[in-house]
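Here is the structure we will look at.
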Amino acid sequence: MTHTPKTIRLADYRAPDYLIHETHLHFELYDDHALVHAHLVLERNPQLDDSLPPLVLDGVKLELKHIALDDRVLGAGEYQVDEESLRLQPEKNSFTLDTTVRIEPQNNTELEGLYRSGGMFCTQCEAEGFRKITYYLDRPDVMSSFTTTLSADKQQYPVLLSNGNKIDEGEEGERHWASWEDPHKKPAYLFALVAGDLWCVEDSFTTMSGREVTLRMFVEPQNADKCQHGMDSLKKSMRWDEEVYGREYDLDIFMIVAVDDFNMGAMENKGLNIFNSSCVLAKPENSTDAAFQRIESIVAHEYFHNWSGNRVTCRDWFQLSLKEGFTVFRDAEFSADMNSRTVKRIEDVAYLRTHQFAEDAGPLAHPVRPAEYMEISNFYTLTIYEKGAEVVRMLHTLLGAELFRKGSDLYFERHDGQAVTCDDFVAAMESVSGRDLTRFKLWYSQAGTPVLQVSDSYDAEKQEYRLQVRQNCPPTPGQPVKEPMVIPLATGLLDAVTGEEVRGTQVLELTEASQEFIFTGIASQPLPSLLRGFSAPVRLEYAYSREQLAFLLAHDSDGFNRWEAGQQLAIQVFSEALTQQQNGQTPAFDPQLAQALSKVLADTQLDEALKAEIISLPSLAYLLELQTEADVANSHVVREALRLSLAQQLEQPLREIYQQLREQARATDYRPEAGQIGRRRLQNMTLSYLMLLEQDDILAACIAQFEQADNMTERMAALANLVNNPVREQAEQALAAFEQEFAVDPLVMDQWFSVQASSPLFSDTAQIRQLMQHPAFSIKNPNKVRAVLGAFSQHNLPQFHAADGSGYALLAEQVAVLDGLNPQISARMVNPLTRWQRYQPRQQQQMRAELEKLQQLPKISRDLFEVLEKSLG
Ligand code: TRP
Ligand code: ZN
C-alpha cells in the first residue's frame with residue numbers, strides 16, 4: 001500500500017456501468033508463471049442511460065501482455081493501467097474484450113487469487129481475489145456465464161478442475177488440457193480452478209426429483225483414508241436441504257478439494273468447493289470429536305451456500321451477512337438435527353457471548369450490515385457470521401417455523417439468479433407474514449449488544465405476575481445513540497416450590513425501551529425462566545439469587561436454561577472469590593455450586609453431553625469479558641482454585657464417572673456420533689478435574705489413556721491434561737512420543753503445536769519462540785500460525801498478558817512479519833491486541849505501544865492499516 005486507503009460506503013452504491021454476459025478463460029499453468037487469457041462479452045448496463053462511460057476493470061498485480069477491443073489490438077494510448085485498474089473507452093453498447101496477463105502463482109503468499117499450495121494450483125476469489133487473476137468487473141452484482149480451459153504438465157498435474165461440467169479435454173505432448181462450462185451465471189468471487197496430482201474419492205447422490213449427482217472429493221494421495229466423514233456429511237447435507245428447505249442440487253457433479261494452505265475454513269465456489277484440509281479430512285486415530293463435528297458443519301455450510309449465496313447472491317459486500325448469517329443459521333440447525341440440539345445451542349451461545357459480544361463492545365464493532373469499510377476481508381467477522389445468524393434465528397422465532405419456511409421459499413423464488421440485499425430477505429418474510437418488520441431491521445443497522453434489565457412483582461390478591469423489561473444498547477463507534485429494537489424474549493414460569501411449569505414457553509415481543517408484561521391466573525409467586533434457548537443476542541440482567549439459580553439448574557424444563565443457570569451460579573461464586581483475591585484475602589467459594597453440580601452428576605435423567613456442559617466452568621475468556629477492567633492474572637488464579645475446590649468436593653462421583661466411561665470407551669468401537677461424543681466429553685471433563693488433585697493413580701490413569709486409546713479424542717484430552725498440570729517430565733515424554741508417531745501428518749502436528757501453545761503452565765513466550773523454530777512450523781501456513789500464535793494469544797491468556805509485556809511484543813513482531821506475506825492473516829492475528837482498552841493501565845500502555853510500532857511499519861497492508869486505525873482511534 002502506497003497511500004492511505006479510501007473508505008467504501010454503502011450509501012455510494014451504484015449499479016455497474018457495464019455487464020459481462022460471457023466470460024471465457026484460458027489458463028496456461030507453468031512452474032514459474034501462468035498466462036491468463038480472458039475473452040469477455042460486455043454490454044452497457046441497459047438499466048442505465050445510453051451514454052458510454054469509460055470501462056474501468058479491476059486488476060491487481062497483473063502484467064498486461066495483450067489487449068484487444070472487438071478483436072482490434074489496442075495501442076498504448078488507448079487504455080490506462082494503474083495499480084488497481086485498467087481503463088478504456090468503449091465505442092459501442094455491446095463489445096468484446098480480450099486480455100492476456102502474466103501472473104506468478106508460485107510467489108503468491110497472500111493465498112488470494114491463483115496460488116500454489118503444496119504441489120497444486122488453486123484459487124481463492126472471495127471477496128476480491130478474482131482481480132488478482134485477470135482484469136474484470138470484480139463485484140458480486142456482475143454475474144456472467146463462465147467457460148474455463150486449463151492447460152498444464154500432464155505428469156505433475158493430472159487433475160484439472162473448474163466450475164460446472166467438463167465439456168472437453170485433450171493432450172499436446174507433455175501437456176494436457178481440460179475445458180469446463182458452468183451453466184449457472186455467477187459473480188467472479190465464485191470462480192475456482194484446481195490443478196494437481198490428486199486422489200479422487202467418488203460417491204453419488206440421488207436428488208428428490210430422481211437426478212443422480214456425482215460426488216467427488218479430491219485430496220493428496222496420503223489423505224485418501226480421511227474422506228469418508230466429509231463425504232457422509234455432504235450426503236446428509238444434501239438430503240437435509242431438500243427436506244427442511246425444499247432445495248435441490250442443480251448440477252450433475254459436486255466436487256470438494258482439500259488444500260493445506262488456506263486463509264479461512266472453506267469456500268463455496270459453484271460446484272467446486274475448496275476446503276482448508278483441516279475442515280474436511282478426518283479419521284478417528286488422527287482427529288478429535290470436535291474436528292469431526294466441525295467438518296460436518298462446514299461441509300454443510302458450504303453446500304448450503306449453493307442456494308443461500310450462489311443461486312441468490314449478494315448485491316454488494318455490505319450485504320455479506322445476507323448469505324453468511326443465513327447460511328450459519330442453516331448449518332446450525334442442520335447440526336442440531338444431526339446431534340444434540342441443546343448441546344449445539346450451548347456451544348454456539350458460549351462462543352457468541354465470549355467472542356462476538358467482545359467484538360461488539362470494542363473498537364472494531366460494526367453492524368450486521370456495515371455502512372462502510374476499507375478492506376472487505378476484515379469484515380468476515382463474528383458479527384457478520386454469528387450475530388447475523390442470530391438475527392435470522394430471531395426472524396424464525398418471531399414468525400414460527402412454518403411461516404419462516406414460506407418466507408425462505410418466496411425469497412429463493414423471487415430472487416433466483418439475482419444479486420440482492422438484506423432488505424430483500426426481510427421483505428420476503430414480510431410478504432408471507434403480513435408483518436411490518438421495519439423496526440426489526442434495526443438489527444441490521446445498529447451495532448452493539450442490547451442489555452435487558454428485567455424485574456418482576458407478584459400480586460397474590462389479583463393472582464397477577466408482572467415482568468418489567470427495559471432495554472438499552474450501549475454506544476458503539478459512530479453510533480452514540482440507539483433506538484429500541486424488536487427483541488423476542490422467550491419466557492416460561494416455574495412454580496417456585498415444586499419446580500413444575502406453570503406457564504410454558506411464550507415469546508414476549510419487546511419493541512419499546514420499557515415495557516410490562518402481565519400474566520394472570522398465577523396462583524403463587526413463580527420463578528421466571530427468561531430468554532429460553534437464548535432467544536435473542538442480548539445481555540440479560542435479572543437479580544437471581546444463588547438459591548434460585550440452583551433451583552432452575554435442577555428443575556427448568558428448558559435444557560439450555562438449566563445450563564445457563566449453572567453458568568450464572570458459577571459466575572456469582574467466582575466473582576465473589578475474585579473480589580476477595582483482589583483485596584488480598586484468600587478466596588472462599590460458596591459450597592452451593594458444588595452441591596448443585598453434585599446433584600447434576602447424580603441425575604440419571606440427564607444425558608452425559610449435557611452433564612459435561614453443565615460441569616464446565618465458564619471459560620477464562622468469558623469471565624474476563626464480563627469484567628469492566630479485565631484482571632487476567634487474578635481471574636486465572638481464582639478460576640483454577642475454584643476448579644480444584646470442585647474437584648475436591650466432587651472427587652467420589654468424578655472418579656466413578658471417569659472409570660465407568662473410560663471402561664465403556666475401551667469396550668466400544670469409536671464412532672463420531674452424538675451419544676459417544678457426549679460420553680467422551682464427560683469422561684475427559686471429569687479427568688481434567690481429577691488431575692488437579694495431583695494423585696498418583698489418577699496420573700497413571702491419564703497416562704494409560706494417552707498410551708492405550710485408539711482415538712484422538714481420548715489421546716488428545718490425556719495429552720492436554722499432562723501438559724496443563726505440573727508433571728512436566730511426563731508431559732514431555734508424551735509430547736515426544738506423539739511427535740514421533742504423527743510427524744508426517746501436518747493436521748495432527750497442528751494439534752500438537754496448539755496443545756502446548758495454549759498451556760499457561762507449559763508455554764511462556766520463550767517456549768512459543770521454540771515452537772516456531774520447529775521444522776513442522778511455517779509462518780506461511782495459516783493453520784500453523786493459528787496453532788501456535790493464535791492458540792497462544794487466545795487460549796494462553798496468563799502468558800500472553802505476562803506482566804513484562806513479552807507476550808504482546810512477540811505477537812506484534814510476528815504480525816509485522818505476517819503482514820509482508822499474508823495481510824488477511826496479519827489483520828486477524830493482531831486482533832487480541834486491539835482490545836487494549838479492556839485491560840489494566842500498564843497493560844494498556846504496553847499493548848498500545850506495540851500497535852503504534854506496527855503503525856510505523858514502512859510498508860503496511862490495507863487490511864492491517866484499517867484494524868490499527870480503528871483500534872487506536
Ligand atoms: N464464503 C466463505 C464461507 O463459507 C468464506 C471464505 C473462505 C473467505 N475463504 C475466504 C472469505 C477468504 C474471505 C477470504 O464462509
Ligand atoms: Zn459462508
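Each value in this text was obtained by applying a stated rule to the coordinates, not by laboratory testing. These numbers were taken from a predicted model, which means no experiment stands behind them. All Cβ positions, even for glycine, are placed from backbone atoms using ideal geometry, and neighbour counts span all protein chains on display.
Worth a mention:
- Percent RCO, i.e. relative contact order, over the chain, from Cα pairs under 8 Å lying at least 6 residues apart: 8 percent
- For the stretch 297-363 versus the stretch 712-791, the inter-centroid distance based on Cα atoms is 29 Å.
- Selection from Leu42, Thr23, Pro5 lying farthest towards where the dipole of the stretch 1-45 points positive, charges on Cβ: Pro5
- Cα long-axis angle, helix 632-649 against the chain (0 to 90 degrees, to the nearest 10): 50 degrees
- Axis of helix 422-433 versus longest Cα principal axis of the chain: the two differ by about 60°, to the nearest ten degrees.
- Euclidean distance of C-alpha centroids, the stretch 65-106 and the stretch 109-142, integer Å: 19 Å
- The angle between the Cα long axis of helix 806-821 and the main principal axis of the chain comes to about 20°, on a 0 to 90 degree scale.
- Given charges at Cβ of Lys, Arg, Asp, Glu: the chain dipole, positive-most of Phe777, Ile825, Thr628: Thr628
- Put a plus charge on the Cβ of each Lys and Arg, a minus charge on the Cβ of each Asp and Glu, and nothing anywhere else: the dipole of the chain about its Cα centre is then about 1400 debye.
- Dipole moment magnitude, nearest 20 debye, the stretch 197-289 about Cα centre, only Lys, Arg, Asp, Glu C-beta charged: 160 debye
- Leading residue at positive end of dipole, the chain (Cβ point charges), from Gln89, Trp180, Thr342: Thr342
- Packing-based exposure ordering (other Cβ within 10 Å, fewest first) of Leu868, Leu395: Leu868, Leu395
- Of the residues Ser321, Ser861, the one with the fewest other Cβ atoms within 10 Å heads the list, and the complete ranking is Ser861, Ser321.
- Alpha-carbon Rg with Dmax, taken over the chain, Å: 28.0, 95
- Gap separating the Cα centres of the stretch 592-609 and the stretch 1-41, nearest whole Å: 58 Å
- Dipole moment magnitude, nearest 20 debye, the stretch 430-562 about Cα centre, only Lys, Arg, Asp, Glu C-beta charged: 480 debye
- Exposure proxy order (Cβ contacts within 10 Å, fewest to most) of Arg532, Arg666: Arg666, Arg532
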